[in-house]
1. So the label point goes 7 Å from the Cα of Ala15 along Cα→C-beta, right? Which residues of the range 78-106 then have their backbone N under 12 Å from it?
2. Can you give the Rg/Rh ratio of the range 201-260, where Rg is from the C-alpha atoms and Rh is the Kirkwood radius?
3. In deg cm²/dmol, rounded to 500, what helix-only [θ] at 222 nm does the chain give when every DSSP H run of at least 4 residues adds -39500 (n - 2.57) and the total is split over its residues?
4. Thr145 versus Ala188, label points 7 Å from Cα toward the beta carbon: distance in nm?
5. Quick one: longest stretch of the chain between exposed loop trypsin sites (Lys or Arg not before Pro), exposed meaning at most 11 other C-beta atoms within 10 Å and loop per DSSP?
6. Within the range 5-70, report the chymotrypsin sites (Phe, Trp or Tyr not before Pro) that DSSP leaves as loop and that have at most 12 other Cβ atoms within 10 Å.
7. Given +1 on the Cβ of Lys and Arg, -1 on the Cβ of Asp and Glu, and no further charges, what dipole in debye does the range 5-150 carry about its Cα centre, rounded to the nearest 20?
8. Could you identify which residue out of Leu133, Leu191, Leu119 has the top mean-square fluctuation in a GNM of the chain using Cα springs shorter than 10 Å?
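Each reported figure results from applying straightforward, stated rules to the coordinates on display, with no laboratory input. Since this is a predicted model, take the numbers as computed values, not measurements. Here Cβ is always computed from backbone atoms with ideal geometry, including for glycine, and neighbour counts include all displayed protein chains.
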Amino acid sequence: MIIARFGDTWAGAYALPNGMMADDFSADRPAIASRVGGQDGEFDYIGTDANPIAPVRVRKSAIVTATSWAGVETALAAMRAALVGNESKLWGEVRDGSRRWALAKCIGFKASDRFGQILHCPIDIEFLLTEGLWYSEAANTTTKTTAAAHVLANAGNVPAAVKVTVIPAVASMTAFAASSTGQGWSWAGTLNTAKSLIVDAAAYSATNDGAEAFAALTLTRPSALWLHLLPGNNTITITKTQGGGGTFAATFEWYDTWVM
C-alpha cells in the first residue's frame, strides 16, 4: 500500500511526494503477559482472545524536486504547513486502486541537504497511528425494517464497530436489541415516534433524541466493542417491543476495518 495523502478527505488531502519513495509500516500485537513465580511459562492476561493491536508508526521516505532551489524550498514549506497540526486522516492507496485511511498525527519531519544533490531534497516523514487500524474510504450503510436475523459483511480482517440508528414510526418503542453470537446490546425505555435512538459502538455513546441514554443500555460484553462485525458475513438479530401497528427503520453503519 502506498502512503499517499494526509487530510480529512481524499479529494482535499495533501498529496505526499512519491519520487523514489519507501513506505515502511507494520502491525504488532504484543503479548500482555508476565512470569508466574516458580512456574513454567508465563501468564497471558488476554486468555484465548487475540492480543490488542499496538499503535503503528508509519515512515515515508521520498524525494522532493523542482526546477529551481526556490521551488524546492516552496514545496518543503507547503509540506510542513500541511503536516503540522491536529490529528487527521492518513490515506493509503492499495494495489487494486481502492483507498484506506487511518487516524494519524505527523510526529517527525526531516529534510536533509546533502553535498552534490541537484535540485532535489530527500525527506523522511513519520506518522503515529494511535489505533493501529485502517478503514475503508466510505462507510457501509444498510437500513433494516423487520425484527429478524440480517446478514451484514465486513470486508476487513479485524472486527468493525457498528453504529445503529433506530427510528420508530406510527407508535412509540419501548425496547430494542441488536445482537450477534456472544455480543450486542439491548435498550429499554421510551422512544417516541420519529425520534432517534443512536448507539455508536466506535464512540461508546448512546443517545435517545439527543439525550444520553447509556443507563438504559444493557451490554452483552461490557469490556468489548458493544456491537461489531467479524471479518466476513455476520448474522445480526433485531428484536423490538412497539405499539400495535408500529413500524421502524434501523440503519447500520460501519467501516470495513483492517490491521495491516
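1. none
2. A ratio of 0.99.
3. My calculation for the chain gives -2000 deg cm²/dmol from helical runs alone.
4. 2.9 nm
5. In the chain, the maximal stretch lacking such sites is 115-260.
6. Tyr45
7. 360 debye
8. Highest fluctuation among the options: Leu119.
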